[in-house]
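The values are calculated or read from the model by the stated rules, or taken from the named source; none is laboratory data. What you see is a predicted model; the values in this text were computed from it and never measured. Here the Cβ is made from the backbone with ideal geometry for all residues, glycine too, and neighbour counts use every protein chain on show. Just so you know, the surface numbers come from the protein's heavy atoms only, side chains and all, with ligands and any DNA or RNA stripped out. Shrake-Rupley method; radii C 1.70, N 1.55, O 1.52, S 1.80 Å.
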Amino acid sequence: GLGVAMHASVTTSPTISVVVNNFNYARYLPEALDSVLSQIEPHDELIVVDDGSVDESSAVLARYAGNPQVTVILQHNQGQLVTVLNGLAAAQGALCVLLDSDDYLLPGYLMRLRGNAQEYPDEDFFFTAAQPGGDNAGSAENMREMLAKMEVPAGATGVSLWSTWAGGEFLGTPTSGLALRNTLVAKLLALRGQLPDEEPIAGWAIRLLGMNKASHVVSRLSADGVLVRASSLLGARKHYCGTPGFFYRVHGTNAFAGLGAAARIYLRITRKKQIVLMVRAALDLPS
C-alpha cells in the first residue's frame with residue numbers, strides 16, 4: 001500500500017533540510033518558499049531565517065507558520081553568513097540545501113540532488129548550475145558569462161584543498177546552488193566562532209572605486225565565499241551537476257551585481273585572500 005511505498009522512499013533517500021536566508025526580500029519570498037514546498041517530501045523540512053527584515057517579510061512568513069514542515073527563525077540583523085549558519089545549526093536533515101530568498105528552486109532539483117547524494121555516498125558537497133534571469137536582460141547576460149568562466153565539468157570534482165589553500169580557488173556556485181551533508185555542516189559549525197564575516201574594505205579603495213560604504217558587500221564577507229572555500233579546506237569531496245537547479249535573480253538590489261566592474265574585481269581578489277587566511281588560521285593550516 002501507500003504506507004509501504006512512502007516508507008521505502010524515506011529509508012532509501014536522504015532527508016533534506018532547505019535553509020532559506022532572508023533580509024528585506026518580502027516581494028520575492030513567496031516564490032522562493034513555494035518552490036521548496038512543491039518539492040520537499042514528508043520527512044523533509046524548510047527552515048527560514050529572517051535577518052531582522054524591516055519590510056513586509058514577517059507578514060509573508062506568518063502565512064507559512066501553520067505548516068508543520070516549516071520552521072521560521074527571527075533574529076536581529078547579523079549578516080548573511082551568520083544567518084545561514086544559524087539555519088544550518090537548526091537543520092535536522094541528512095542533506096542541507098541553501099537558498100537565498102530572492103532566488104527560487106527549479107522543478108526537479110531536489111529529486112536530482114537526492115539521487116546524486118545516494119549514488120555518490122562519499123561526496124559531501126554538491127553544487128548545481130544556475131539559471132540567471134531578472135528584469136534587466138543585460139545584467140542577467142553578464143552574470144551568465146561570469147558563471148560560464150567558472151564552469152567545471154559535471155560530476156565528481158575531487159578535493160580542491162591545495163588549489164584553495166594556495167590560490168583561493170572558489171569551487172562552487174552562488175549560495176542557492178549549494179548542498180552539504182550534515183557531516184560537513186557539523187565541521188563548519190565547529191569552526192563558526194573563528195569565521196567572522198566583518199572584514200571592512202580599505203577607505204582608499206571605497207573612494208577610488210566608488211563603492212557604497214554602507215553596503216553589506218563592502219562591510220561583510222559573503223556566505224558562499226566563506227562556505228565554499230572553508231569546505232574545500234576541510235577536504236570536502238565535491239560534486240557538480242550541470243543541469244540548472246535554481247533561478248538566480250539578477251536585480252538592481254543585488255549588492256554584488258550592482259557594483260562597477262573594477263570594484264567587483266578588487267573585491268573578488270581581496271575577499272579571496274581574507275577568507276583563505278581566516279580559514280587557514282581556524283584550521284591551523286600552515287600559512
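Determine whether Y25 is of a type in the set (F, W, Y), open to solvent by 10 Å² or more (accessible area, probe 1.4 Å) and over 25 Å from G242 (Cα atoms).
yes
Only one of the numbered conditions (1) out of contact with any helix residue (DSSP H, G or I) (no Cβ under 9 Å at 6 or more places or on another chain); (2) more than 19 Å from G225 (Cα to Cα) is violated by I73, and that is (1). Against the conditions (1) assigned to a helix (DSSP H, G or I); (2) among the charged types (D, E, K, R); (3) surrounded by 22 or more Cβ atoms within 10 Å (Cβ to Cβ), D102 satisfies every one except (1).
Scanning segment 162-191 for residues that are surrounded by fewer than 17 Cβ atoms within 10 Å (Cβ to Cβ) and either of a type in the set (D, E) or at pLDDT below 75 (or both) turns up W162, S163, A166, G167.
For A130, the criteria (1) at pLDDT below 80; (2) farther than 19 Å from L285 by Cβ; (3) surrounded by 12 or more Cβ atoms within 10 Å (Cβ to Cβ) hold in every case but one, which is (1). Restricting attention to segment 14-51, the residues being over 20 Å from G79 (Cβ atoms), in contact with a Leu (Cβ under 9 Å, 6 or more places away or on another chain) and outside any helix (DSSP H, G or I) number 11.
Among the residues making up segment 53-68, those that are loosely packed, with under 15 Cβ neighbours inside 10 Å and assigned to a loop (DSSP other than H, G, I, E, B) are V54, D55, E56, R63, A65, G66, N67, P68. The listed residues are Q69, Q131, Q92, Q80, and the only one of them that is in contact with a Phe, Trp or Tyr (Cβ under 6 Å, 6 or more places away or on another chain) and touching a residue at least 12 places away in the same chain (Cβ under 8 Å) turns out to be Q131. For segment 71-87, the criterion of being more than 15 Å from the chain's Cα centre (by Cα), closer than 9 Å to V19 by Cβ and modelled with pLDDT of 95 or more is met by none of the residues.
Can you find, within segment 192-209, the residue that is most open to solvent (accessible area, probe 1.4 Å) among those that are over 12 Å from A230 (Cα atoms) and in a helix (DSSP H, G or I)? Walk me through it before giving the result.
As a first pass, look at segment 192-209 and keep what is over 12 Å from A230 (Cα atoms): 193, 196-209.
From what's left, in a helix (DSSP H, G or I): 193, 203-208.
On the way: G193: 78, G203: 36, W204: 140, A205: 0, I206: 20, R207: 179, L208: 130 Å².
Here the answer is R207.
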